[in-house]
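> For reference, the structure I am asking about is given below.
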């Protein structure tokens, strides 16, 4: 995999200034994306578990089947 490069350009003239930008490293972008993905996964899983428990408490079989079918994608390991 190619390494990310940082390019700075400096101009020595009295004109419009150009700001040098520094890119975020690949490792930081990857770890932040994985962390956000895990947070979303855990939130959605907890939300579905709450919906399943609520449908069990109310005795609603149709809602239970609907939420448990959606929950299967979270426990496919």
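> Would you check if residue 28 is closer than 30 Å to residue 6 by Cβ and assigned to a helix (DSSP H, G or I)?
Taking the combined requirement at face value, the residue satisfies it.
> May I pose another question? Going residue by residue through the stretch 36-53, is there one that turns out to be assigned to a loop (DSSP other than H, G, I, E, B) and out of contact with any strand residue (DSSP E or B) (no Cβ under 8 Å at 6 or more places or on another chain)?
no
> Condition first: exposed (fewer than 11 other Cβ atoms within 10 Å of the Cβ) and modelled with pLDDT under 90. Now tell me which residues in the stretch 28-51 satisfy that.
Scanning the stretch 28-51 gives a single hit, 28.
The values are calculated or read from the model by the stated rules, or taken from the named source; none is laboratory data. Quick caveat, the model's predicted, so the values are computed rather than measured. Positions of Cβ are generated from backbone atoms using ideal geometry, with glycine treated the same way; all protein chains shown enter the neighbour counts.
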